[in-house]
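Enquirer: Okay, here's the structure, questions in a sec.
The values are calculated or read from the model by the stated rules, or taken from the named source; none is laboratory data. The model shown is predicted, which means the values in this text are computed figures rather than measured ones. For neighbour counting, all protein chains shown are included, and Cβ atoms are generated from backbone atoms with ideal geometry for every residue, glycine included. Surface areas here come from the heavy atoms of the whole protein model, side chains and all, with no ligands, DNA or RNA. Shrake-Rupley method; radii C 1.70, N 1.55, O 1.52, S 1.80 Å.
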Amino acid sequence: MTSPAPVVLAFLDPAFPDGRVADATKPQLLVTDLGVTRGDGVFETMLAVGGTVRKMQAHLDRLGGSAAALDLAIPDQEAWRRVIAAVVARHRSENPPADPAADELVVKLVVTRGVEGEAPTAWVQASPAGAAGRRQRETGIDVILLDRGYDSDVAERAPWLLLGAKTLSYAVNMAALRHAHKQGADDVIFLSSDGRVLEGPTSTVLLAHVEKSDDGTTVKRLITPQLDSGILAGTSQGALFAAAKAAGWELGYGPLEPRDLMDADAVWLISSVRLLAPVNRIDGKEIGTPSVQKELTAELSELIAGIH
């Protein structure tokens, strides 16, 4: 039996500027905490490479946006920064990485509404990144398309559904992944009920087209679904788009339909921890051209490596 991965945990507490360290192997939340009983809270998941947390500002901004959508009061960004730095440093001190090439930590920020009538509960935890994510970056993934059950206009029509917020209510997303695994697939791309491409349960969808212009130069275009279709704004997608634009790529935003995925030269799911995972097959159908996909994945992965 393998031992569990080491976790360093600290709660945000005004009496402890660098966080109140707690034992992650012992119970820490009350059973009446609304994050437990209702999934009432928000979170962010970041990647620290070599002790440096990537895209921290973007994640803190999105955490604040998610909290605002829930009318949830959360600690200020400076408090988060102090505790994040302390937790990452403590984890690296107590658990020196055996392999520098795999020196990656998953850093999670969580805020629940707490016990009714009391202050919210907020904490930071750090744990080693799993090997599965690194493997999927290298080998790619097979995905299936699933109906999310909402049309593409519902986010504007019903903001209380919180479709653009990163909440703790992830049961549907996890159920979708379990369904995919039962079908022999690795992941999912959600579709709206009116046939628009949305996102993955824990990722953003990207696709690319490579074309020759009239003067013979190569034009590379990177495309992602529109945010107003009720998807979460991807911090990795946003950072990669900025880097790709600087590198000469053209950028595009949906609306996208399944045929756009099938006709693309390459498709990826991108997220903060797994990073860029090439999609090999969708519903059993091979996507793109392997040699083109490999070349584009290498180029975009190099751009991602330069994002901080």
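Enquirer: Mind checking whether some residue in segment 245-265 is under 14 Å from E199 (Cβ atoms) and of a type in the set (S, T, Y)?
Expert: yes
Enquirer: I'm checking my understanding of the structure. Among residues of segment 24-37 that are open to solvent by less than 100 Å² (accessible area, probe 1.4 Å) and in contact (Cβ under 8 Å) with a residue 12 or more places away in the chain, which one is nearest to V7 (Cα to Cα)? Full working, then the answer.
Expert: Pass one, segment 24-37, residues open to solvent by less than 100 Å² (accessible area, probe 1.4 Å): 24, 28-29, 32-37.
Imposing the further condition that a residue be in contact (Cβ under 8 Å) with a residue 12 or more places away in the chain reduces the set to 24, 28-29, 32-36.
Values: A24: 6, Q28: 13, L29: 16, T32: 24, D33: 21, L34: 23, G35: 20, V36: 20 Å.
In this case the residue turns out to be A24.
Enquirer: Next question. Collect the residues in segment 34-59 that are assigned to a helix (DSSP H, G or I) and not polar (S, T, N, Q), keeping them in residue-number order. Break it down stepwise before answering.
Expert: So in segment 34-59, the residues assigned to a helix (DSSP H, G or I) come out as 34-37, 56-59.
Scanning segment 34-59 gives L34, G35, V36, M56, A58, H59.
Enquirer: Another question about this same structure. Name the one entry in G284, G230, G234 that is closer than 13 Å to V205 by Cβ and not hydrophobic (A, V, I, L, M, F, W, C). Walk me through it before giving the result.
Expert: Numbers: G284 fails: closer than 13 Å to V205 by Cβ; G230 fails: closer than 13 Å to V205 by Cβ.
Selected residue: G234, the only one of G284, G230, G234 that is closer than 13 Å to V205 by Cβ and not hydrophobic (A, V, I, L, M, F, W, C).
Enquirer: Looking at A233, A239 in this structure, which one is open to solvent by less than 50 Å² (accessible area, probe 1.4 Å), among the hydrophobic types (A, V, I, L, M, F, W, C) and not in a loop (DSSP other than H, G, I, E, B)? Talk me through it step by step, then tell me what you get.
Expert: Working: A233 fails: not in a loop (DSSP other than H, G, I, E, B).
Within the list A233, A239, the selection yields A239.
Enquirer: Please go through segment 1-23 and pick out each residue that is aliphatic (A, V, I, L, M), outside any strand (DSSP E or B) and touching a residue at least 40 places away in the same chain (Cβ under 8 Å). Before you say what the answer is, go through the steps one by one.
Expert: Filtering segment 1-23 down to residues aliphatic (A, V, I, L, M) leaves 1, 5, 7-10, 12, 15, 21-22.
Now restrict to residues that are outside any strand (DSSP E or B): 1, 5, 7, 15.
Within segment 1-23, A5, V7 qualify.
Enquirer: Scan (1) over 20 Å from T235 (Cβ atoms); (2) surrounded by fewer than 19 Cβ atoms within 10 Å (Cβ to Cβ); (3) touching a strand residue (DSSP E or B) at 6+ places or on another chain (Cβ under 9 Å); (4) among the charged types (D, E, K, R) for the single condition R135 breaks and write down its number.
Expert: (3)
Enquirer: Would you pick out the residues in segment 193-227 that are within 14 Å of L145 (Cα to Cα) and of a type in the set (A, V, I, L, M)?
Expert: V197, L198, V205
Enquirer: Please find, among E257, E299, E211, the residue that is more than 16 Å from V188 (Cα to Cα), modelled with pLDDT of 95 or more and of a type in the set (D, E). Break it down into steps so the answer makes sense when it comes.
Expert: Numbers: E257 fails: more than 16 Å from V188 (Cα to Cα); E211 fails: modelled with pLDDT of 95 or more.
It is E299.
Enquirer: Residue check: is T224 among the β-branched types (V, I, T), under 19 Å from A58 (Cβ atoms) and touching a strand residue (DSSP E or B) at 6+ places or on another chain (Cβ under 9 Å)? So that I can check it myself, show each step before the final result.
Expert: Working: among the β-branched types (V, I, T): yes; under 19 Å from A58 (Cβ atoms): yes; touching a strand residue (DSSP E or B) at 6+ places or on another chain (Cβ under 9 Å): yes.
Here the answer is yes, as T224 does meet what is asked.
Enquirer: Among the residues that make up segment 72-95, is at least one of them farther than 22 Å from A239 by Cα and touching a Lys or Arg at 6+ places or on another chain (Cβ under 8 Å)?
Expert: yes
Enquirer: Between residues in segment 261-274 that are in a strand (DSSP E or B) and residues that are charged (D, E, K, R) and crowded, with 21+ Cβ neighbours inside 10 Å, which pairs lie under 9 Å by C-beta distance while being six or more apart or on different chains?
Expert: L269/D187; L269/E199
Enquirer: Anything in segment 261-306 that is β-branched (V, I, T), closer than 25 Å to M56 by Cβ and open to solvent by 20 Å² or more (accessible area, probe 1.4 Å)? List them, or say none. First the steps, then the outcome.
Expert: Step one: of segment 261-306, the residues β-branched (V, I, T) are 267, 270, 273, 279, 282, 287, 289, 292, 297, 304.
With the extra rule that they be closer than 25 Å to M56 by Cβ, the set shrinks to 270, 273, 304.
If the condition is that a residue be β-branched (V, I, T), closer than 25 Å to M56 by Cβ and open to solvent by 20 Å² or more (accessible area, probe 1.4 Å), then V273 is the only one that fits.
Enquirer: Separate question: From the list V21, V42, exactly one residue is open to solvent by less than 70 Å² (accessible area, probe 1.4 Å), on the phi < 0 side of the Ramachandran plot and either touching a helix residue (DSSP H, G or I) at 6+ places or on another chain (Cβ under 7 Å) or aliphatic (A, V, I, L, M) (or both). Which is it? Reasoning before the result, please.
Expert: Details: V21 fails: open to solvent by less than 70 Å² (accessible area, probe 1.4 Å).
Answer to the selection: V42.
Conditions (1) closer than 18 Å to P278 by Cα; (2) acidic (D, E); (3) surrounded by 21 or more Cβ atoms within 10 Å (Cβ to Cβ); (4) in contact with a Gly (Cβ under 8 Å, 6 or more places away or on another chain), marked per residue:
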residue	(1), (2), (3), (4)
V154	no, no, no, yes
V172	no, no, no, no
V188	yes, no, yes, yes
L198	yes, no, yes, yes
V219	no, no, no, no
P225	yes, no, yes, yes
A247	no, no, no, no
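Enquirer: Residues that are of a type in the set (G, A, S), at least 3 per element: which strands (runs of 3 or more DSSP E) completely within segment 98-184 meet that? Spell out how you get there, then give the answer.
Expert: Details: elements: 104-112, 121-128, 141-147.
Strands (runs of 3 or more DSSP E) meeting the threshold: 121-128.
Enquirer: In segment 66-89, what residues are closer than 28 Å to L34 by Cβ, open to solvent by 40 Å² or more (accessible area, probe 1.4 Å) and not in a loop (DSSP other than H, G, I, E, B)?
Expert: A68, A69, Q77, E78, R81, R82
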